[in-house]
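Here the structure is laid out as structure tokens; the discussion comes afterwards.
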Amino acid sequence: STTSGIRYAKATVNGVQGLIIVPDNWSASTYALDSTNTRNTTFTTNVISAAQWVTLENAGATFLPCNGNRSGTLVSAVSVREGGYYWSATYFSSDVVYALNFGIYGVGVGYAGRSLGRSVRLVKDM
């Protein structure tokens, strides 16, 4: 839950599809994002240029690009363009870790086996 009620929005930033995550103190007046907190929307709902992104980033927003995932040695070519798969820092058990997943059909937090390839979570000094 955030002050503005906005947590995330799908977007295309400087030509790259992904997910914008906003900080807890985000103000909706900083930048008008469409279809916020909406799982089943497209990445073209919010098209943001590199110059516009500077405003969002300076306000504390983070962009997670679509990056795909791997299972063993196989990488899904479709998921590279249409989904993001990120590890969290919190593990559920020795073989399972919490993960953030997003794609053309939704956004969610769940569990992922450590045998599945995910991107490392973002770490940023605030």
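The values are calculated or read from the model by the stated rules, or taken from the named source; none is laboratory data. Everything numeric here is computed off the predicted structure, so don't read it as measured data. Here Cβ is always computed from backbone atoms with ideal geometry, including for glycine, and neighbour counts include all displayed protein chains. Keep in mind that these areas ignore ligands, DNA and RNA; they rest on the heavy atoms of the full protein, side chains included. Shrake-Rupley method; radii C 1.70, N 1.55, O 1.52, S 1.80 Å.
Quick notes
- Spin-label model distance (nm) - Ser35 vs Ala50, 7 Å beyond Cα toward Cβ: 2.6 nm
- Trypsin sites (Lys or Arg not before Pro) within the stretch 7-60, DSSP loop, no more than 16 other Cβ atoms inside 10 Å: Arg7, Arg39
- Positive contributions from Lys and Arg (+1) and negative ones from Asp and Glu (-1), summed over other residues with Cβ under 12 Å from the Cβ of Gly68, come out at +2.
- Normalised contact order of the stretch 1-104, rounded percent, pairs of Cα under 8 Å and 6 or more residues apart: 24 percent
- Alpha-carbon centroid distance for the pair the stretch 39-115 / the stretch 1-35, whole angstrom: 14 Å
- Applying a DSSP loop filter and a limit of 16 other Cβ atoms within 10 Å to the chymotrypsin sites (Phe, Trp or Tyr not before Pro) in the stretch 9-90 leaves nothing.
- Phi-derived couplings, Karplus 6.51 cos²θ - 1.76 cosθ + 1.60 at θ = phi - 60°, listed residue by residue for the stretch 47-56: 10, 10, 7, 4, 5, 5, 4, 4, 4, 5 Hz, with x used for Gly and Pro.
- Cα pair distances in the chain, grouped into 10 Å bins until the bin that holds the longest one, percent each: 13, 42, 34, 10, 1
- Accessible area (Å², per residue) of the chain, counting only protein heavy atoms and a probe of 1.4 Å: 57 Å²
- Accessible surface of the stretch 1-95, 1.4 Å probe, proportion on carbon and sulfur as whole %: 51 percent
- Positive minus negative residues near Lys10 (Lys, Arg vs Asp, Glu; Cβ under 13 Å): 0
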